[in-house]
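Structure, as structure tokens:
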Amino acid sequence: MAQLRVYLKSFVKPYEDFNKALEHCKQRLYTYFLNCLAHPNNKIFKSVQISSGAHSSSVGEMDLLVYVIANHANRLIRNRFVRDTAGGATTDFSDGVYCEVYADRAMDEGKILFGLFGANHHEQGIALANLAFHELAHNKWRGLPADLRQKYKITDEKENIHQVGEGLMNGTIEEGKVANLIMTNRNIEVMAALIQHAVKQSTNVPVYSNRW
């Protein structure tokens with residue numbers, strides 16, 4: 001059986017708090033996807049690897065790729081409306097599906113919850129992982145055949161994993177509560193089905209790291 005590879009490509013200028021949060025994010029995503037691999041819907045993958053870097057040539061159609069952007073103002077998605085309060089977004093580019101999450105949403109959450117004592121990198125990492133898992137579900141939804149969309153009672157061809165309606169796939173996430181979201185059995189069931197299908201990932205994106 002194959003290995004599921006999940007890449008987080010960061011365009012955030014490295015600094016200590018973010019680096020620590022990113023490590024917690026990777027650990028939480030690893031746990032999430034291990035749960036998905038244990039579900040009977042998974043017929044392909046035996047193990048999972050979470051990496052914080054990726055060369056375009058190394059990303060295949062069975063892999064997952066999410067970009068970590070400093071904040072909403074610097075988002076790469078400009079071809080559709082993205083709410084100011086969004087934690088991320090997913091869209092189709094000419095070379096594949098592209099998804100991004102906004103680091104400030106997760107980093108600010110840790111400061112809001114634990115501001116009197118400094119930032120809590122664990123909570124920030126969980127928040128970032130929850131945002132990433134949500135957008136990666138949008139990402140892989142593109143590859144799900146129509147009969148499985150019908151099975152899961154989700155009719156929108158591109159966007160509406162929100163119809164799952166709970167946990168990490170909930171479409172309404174209150175600010176300051178992203179880290180409180182819990183992965184549900186339904187989330188595991190749906191994502192385990194999603195990762196069985198190929199989706200070409202967008203890797204031809206400009207490097208904006210000089211902008212911040």
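The values are calculated or read from the model by the stated rules, or taken from the named source; none is laboratory data. The model shown is predicted, which means the values in this text are computed figures rather than measured ones. Quick reminder, even Gly has a Cβ in these numbers, built from the backbone with ideal geometry, and neighbours come from all protein chains shown.
Being of a type outside the set (Lys, Arg) and surrounded by fewer than 13 Cβ atoms within 10 Å (Cβ to Cβ) is the filter here, so list the residues in segment 35-46 that pass it.
Ala38, Pro40
Which is modelled with pLDDT under 90, exposed (fewer than 15 other Cβ atoms within 10 Å of the Cβ) and either closer than 21 Å to Pro40 by Cα or of a type in the set (Val, Ile, Thr) (or both), of Asp156, Asp147?
Values: Asp156 fails: either closer than 21 Å to Pro40 by Cα or of a type in the set (Val, Ile, Thr) (or both).
On inspection, the qualifying residue turns out to be Asp147.
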Open item on the list: I'm trying to understand the selection: among the residues of segment 78-113, which are among the β-branched types (Val, Ile, Thr), over 15 Å from the mean Cα position of the chain (by Cα) and either closer than 23 Å to Lys26 by Cβ or modelled with pLDDT of 90 or more (or both)?
Closed with: Ile112
Task: Selection within segment 182-191 - touching a Phe, Trp or Tyr at 6+ places or on another chain (Cβ under 9 Å) and either among the aliphatic types (A, V, I, L, M) or touching a residue at least 60 places away in the same chain (Cβ under 8 Å) (or both) - done: Met183, Ile188, Glu189, Val190, Met191
- [ ] Under 8 Å between Cβ atoms, at least 6 apart or on separate chains: pull out the pairs that start in segment 1-16 with a residue that is in contact (Cβ under 8 Å) with a residue 40 or more places away in the chain and farther than 18 Å from Leu194 by Cβ and end on any residue that is surrounded by fewer than 11 Cβ atoms within 10 Å (Cβ to Cβ) and of a type in the set (Val, Ile, Thr).
- [x] Phe11/Val207
Open item on the list: Quick check on my filter: what residues within segment 47-75 are crowded, with 19+ Cβ neighbours inside 10 Å and either touching a Gly at 6+ places or on another chain (Cβ under 7 Å) or hydroxyl-bearing (Ser, Thr, Tyr) (or both)?
Closed with: Tyr67
